[in-house]
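Here's the structure, in structure tokens; my notes come after.
The values are calculated or read from the model by the stated rules, or taken from the named source; none is laboratory data. These numbers come from a predicted model, not from an experiment. Cβ atoms come from the backbone with ideal geometry, glycine included; neighbour counts cover every protein chain shown. Each accessible area value is taken on the protein alone, full model and side chains, heavy atoms only, with ligands, DNA and RNA left out. Shrake-Rupley method; radii C 1.70, N 1.55, O 1.52, S 1.80 Å.
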Amino acid sequence: MEGSLRRSALVVYGSETGSAQDVAEELARMTERLRFTTHISELNQTPLKSLLHQDVVIFAISTTGQGELPLNAQNFWKALRSARLRSGSLQSLRFTSFGLGDSSYPKFNWAHRKLYNRLVQLGALPVHPRGESDEQHPEGIDGSFLNWSTELRQHLLELFPLPNGITPIPDDVLLEPKWVLDFAPSPIIEQPTNDLPSAHDTSVTASEEEDLNGTNLVPPKGLLPIKGGLTVELFENTRVTPRDHWQDVRHIKLSSKDHLDYGPGDVLSIYPKNFPIDVDQLIHALGWSSVADTPVQFVPTQLVPGHESSYPPHPLFTTTSTQVFTIRTLLTNYYDIMAIPRRSFFSQLAYFTNDEFQKERLLEFTNPEYIDELYDYTTRPRRSILEVLQEFETLKIPWQRLASILPVMRPRQFSIASGGELKSSPQGDTRIELLVAIVKYRTVIKRVRQGVCTRYVESLQPGQSITVTLQKGGLGVSKTEGQRPVVMVGPGTGVAPMRSLIYERRAWSADSDGVSDAEEKSRETDILFYGCRNENADYFFKEEWEKIATDGGLTVHAAFSRDQRQKVYVQDHIRSHPKEVYHALVNRNGLVYICGSSGKMPQAVREALIEVFQGEGALDRDAAEAYLVSMEKAGRYKQETW
């Protein structure tokens, strides 16, 4: 390769929430600056043979559920695991990889490690040490990605040296995007098949909400054209916490005329929209008012006829390449203008100001030496992209480059809270219930922040239809487990999938064909450890638990952390009921399900269980830990946290 510019790089990713895709896009920009012909693709769209035609392949992969690959990587993983692939079949592949994980999960970065090991098993050659990030790191992904990517860049230059007289594309040179916006040839805006109105359509009913800047309209009600999307109707949006409680939690009930099959642990993805007041402010800040409502469409900038299949995909996967929008519609429905900006966002902004002071400030946020300043400016105060664009008032960003500057709006996943008899109405409609905590708080800079999706959910009205998608969750619950007891740990809104599981198991019990009376009578009682602050404020579904407990089959231990002088949590109740827990898990070969916050709770629960095994089983520490690990390997210890 030395002395030649015929060098190619393929960057592939498997991403559940978009973080791995962000990493992949940054790596693709890096290889492009090193003068590689660079392509980027999600793993499911990457044939195995295509890996062999690249000089280097870079994988960016996150882990989801119980150590699984993301949905958009599972087809690729299935092909990679094929028994027809022999050792050495990928020996011409040179690669490196970066994994995104969360150390609060037992199977930390498991998907990345499985992928890496399989590639090596098939003969692929690592050209750079693999890297991994931890969501629990104070600086998030950048805590390890910055150093890893810097070292990778230097290593690639050594492996693929540039010819004399040719240097990498300097950082101060703006790369040409693969797609830009341009005026549409027709003044008539195409509408998707499900009748999506433009974001500024005032024919929809206008409802009001209290906002930081006063009263403003809610997002338009039109459906979004989502690939694999389902239309559901909201028929209940009830606040289940007192008005004076610090947090607004909603019990959401949705219905569909279609039969939708789902089970405990499955998730519903909601696609949020931005609010008109925020869209208007961004349009004003960037000086796009004169073109905001003009028909535009995406056009490729470097497409060579006959090479369409290898060209980077359309910026919006859910739409067609010929669909026409307005900038206002794009900002309302498709781009996340309220997200906390990543470091790469600032590197893009720096190209669009001539003010030396502001340019220097923007570039400081991209410098690894100033990562603490970036954290203090963005993550700590939860500063949004909109606010950054307003504060750096000298920015002059061409509207044509919208897609290369702003991140795409990602769906937000919510664990389903319904199961068993709650899954259908008397009329036969499918019912789906959610328990959603509305994110709204005041930051260190005294500004109120609201979650993009939960603010949208809060605004939804009964009778309103929305587009959603339904995905299998990571708990892997099956009916075959019905005869074994389960120990469920679900504090706060983490109780949602536990409720689904409880009702589903009750339905299995009622429909226990082939189960003898003796087996039915020997069925063990399930145990739910629930935790919240106050019994009278956020003890969700209290009446339901009491009724089910009266009917038999469920024992509930609720921890209220603020109702007494000494704080009490779910792990404390586990320690307080060791015989009950030990009998269910060890004597009866039961299962553990843990759902809720991915902070300190999962590790605290794990520690409490180890202590139970030590005390009740007369085991030393190592033996107790080994038993818990054996439960994980056998699929008897499952965690789904967020």
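Some observations on this one:
- Within the accessible area of segment 276-404 (1.4 Å probe), percent carbon and sulfur: 51 percent
- The calculated FRET efficiency for the pair residue 75 and residue 121, based on their C-beta separation and a Förster distance of 25 Å, comes to about 0.85.
- Taking 0.36 nm per residue of separation and subtracting the current Cα-Cα distance, fully stretching the chain between residue 92 and residue 311 would add 76.5 nm.
- Computed accessible area, residue 87, all protein chains, 1.4 angstrom probe, square angstrom: 110 Å²
- Sequence of 372, 182 from largest to smallest accessible area, 1.4 Å probe: 372, 182
- Note on segment 2-43: Kirkwood hydrodynamic radius from all Cα pairs is 10.7 Å, rounded to one decimal.
- Span per principal axis, largest first, for the Cα atoms of segment 268-339 (Å): 43, 38, 19
- log₁₀ of I(q)/I(0) at q = 0.05, 0.06, 0.08, 0.12 Å⁻¹ - the chain, Debye sum with one point per alpha carbon: -0.25, -0.37, -0.66, -1.44
- Mean Cα-pair separation over length for segment 327-461, i.e. relative contact order, pairs under 8 Å, 6 or more apart, %: 24 percent
- Solution diffusion estimate, µm²/s, Stokes-Einstein, segment 9-161, Kirkwood Rh from C-alpha pairs, 4 °C, viscosity 1.567 mPa s: 84 µm²/s
- Per-selection Rg to Rh, segment 367-492 - Cα, Kirkwood hydrodynamic radius: 1.08
- Solvent-accessible area, 1.4 Å probe, carbon plus sulfur percent, for segment 8-159: 48 percent
- What segment 24-179 shows is 46 Å² of accessible area per residue, with the surface traced by a 1.4 Å probe over protein heavy atoms.
- Trypsin sites (Lys or Arg not before Pro) within segment 555-642, DSSP loop, no more than 11 other Cβ atoms inside 10 Å: 565
- Mean separation of Cα contacts under 8 Å, 6 or more apart, over the residue count of segment 8-159: relative contact order %: 22 percent
- Residue ranking by accessible heavy-atom surface, 1.4 Å probe, largest first, among 573, 259, 128 comes out as 259, 573, 128.
- Of 570, 586, the residue with the largest accessible area leads and the full order is 586, 570 (1.4 Å probe).
- Taking every alpha-carbon pair under 8 Å whose residues sit at least 6 apart, segment 276-404 reaches a relative contact order of 31 percent.
- Per residue convex hull volume, Cα atoms of segment 276-404, in Å³: 133 Å³
- In the context of the full set of protein chains, segment 290-441 has a per residue accessible area of 43 Å² (1.4 Å probe).
- Probe 1.4 Å - accessible area at residue 153, Å² to nearest ten: 90 Å²
- Long-range tail of P(r) for segment 506-642 (Cα pairs > 21 Å, %): 49 percent
- Centre separation in Å (Cα based) which lies between segment 548-626 and segment 272-345: 48 Å
- Each DSSP beta bridge with both residues in the chain is either parallel or antiparallel, and the antiparallel ones are about 50%.
- Rounded to the nearest 10 square angstrom, residue 410 shows an accessible area of 60 square angstrom against a 1.4 Å probe.
- Potential lengthening between residue 391 and residue 604 on full extension [0.36 nm per residue; Cα-Cα distance subtracted]: 72.5 nm
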